[in-house]
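See structure below.
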Amino acid sequence: MRFKTFIMLLSLAAMAGGVLVVTAQEPNDEVRGAFISSRPKTMNTNAAARRRRTRPTKITTTAAKNANTAAPNATRLDEKKTVVVSEVAKALGLGYTLFMRGTNGRSIRVEPTREFRNGDSVRLALEPNADGYLYVFHTEGDGDPEMIYPDPRLDGGENWIEAHVPVEVPSSEETDERLRWFTFYGNPGIERLYVVVTREPLPIVPTGNELVGYCATNKNKCPWRPSPEMWAQIRSATRAEVKAVAAKSFGQPQSEKEQIATTRGLGLDQSAPEPSVIRMNVATNAPLLVTVLDLIHK
């Protein structure tokens, strides 16, 4: 139906190749404040080109301590690699904004509950409040879920994300212009996107070189599809208790600061526009946050 062109092109190029329908909510300044205050105060704009999205080398605090006390002739850790150690857990949060392609080609903020018509094109901007991993699954009607992010054509299939560094789905940096937007066409229906942010990688899900190789050798099975058991676990996570708050900035174009952050892989600072919707787990130790977005085609 509406996204089939995108999914089919994704398959060919990838290597030849509780459900959230956002409704009005009471303002929750606690959620908004916690999310925005965790952004850096200013944006580092020194990067002239886009930074490649690569996951850091991960070691435990104990391993780091052992490495520092190893014998002089022992192999040391590469100082250029980022080391991630345990820290006080905070609740996972996700800010998202739905952009629609305007008549002049600019990205305009629109309400997620808006009803779309044939020819309308949209893009989702995602902003996590913590480092972790991002997955986006798409379903249509009663069809099976397909993983549309990570993408084997972008960042080598990596899905490591950094706090407050925005990610676009689909990406405006796609070489094929037809893949830069979700475009609605055909019969009316509902396109459902599951956005999954996790502290640790989901098991058995191919990413990075594994995803690139999978799509290269299984062109007819790419995008990758999760097993029924894994999908049931993701679906069950939608019932977790979550706080949410929505902004009222619809109709505004994407700001220059947002564009720079997205294209260069930089973190949004506290002066940047807030996401249209912010969702945050109530439990600070929850390992993942699942947001389900219904895009309605009339």
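The values are calculated or read from the model by the stated rules, or taken from the named source; none is laboratory data. None of these values were measured; they are calculated from a predicted model. A quick note on method: Cβ atoms are made from the backbone with ideal geometry, for glycine too, and the neighbour counts reach across all protein chains shown. Ligands, DNA and RNA are excluded from the accessible area calculation, which covers all protein heavy atoms including side chains. Shrake-Rupley method; radii C 1.70, N 1.55, O 1.52, S 1.80 Å.
Within the stretch 270-284, which residues have the backbone N less than 17 Å from the label spot 7 Å out from residue 42 along Cα→beta-carbon, could you tell me? Under 17 Å, as judged by backbone N against the label point of residue 42, lie 270-272 of the stretch 270-284. Backbone amide hydrogens, once placed in the peptide plane, bring residue 131 within less than 5 Å of 163, excluding anything fewer than 5 places away on its chain. Roll a 1.4 Å probe over the protein heavy atoms and report the accessible area of residue 194 in Å², nearest 10. My reading of the accessible area for residue 194 is about 10 Å². Spin-label model, residue 118 to residue 218: label points 7 Å out along the Cα-to-beta-carbon direction sit 3.6 nm apart. For the stretch 91-99, backbone phi angles converted through the Karplus equation (6.51, -1.76, 1.60; θ = phi - 60°) give residue-by-residue couplings of 5, 5, x, 9, x, 9, 9, 9, 9 Hz, Gly and Pro being listed as x. For the stretch 175-262, the dipole from Cβ point charges (+1 on Lys and Arg, -1 on Asp and Glu) about the Cα centre works out to 220 debye, to the nearest 20. Backbone N atoms of the stretch 144-158 closer than 18 Å to the 7 Å Cα→Cβ label point of residue 175 belong to residues 151-158.
Do you know the relative contact order of the stretch 94-150, to the nearest whole percent, from alpha carbon pairs under 8 angstrom that are 6+ apart? Show your work: numbers first, answer last.
On the way: 68 pairs, mean separation 17.8, N = 57.
Answer for the stretch 94-150 is 31 percent.
Treating r as the C-beta distance of residue 257 and residue 225 and R0 as 45 Å, the FRET efficiency rounds to 0.75.
Fully extending the segment from residue 209 to residue 139 would add 22.7 nm, taking 0.36 nm per residue of separation and subtracting the current Cα-Cα distance.
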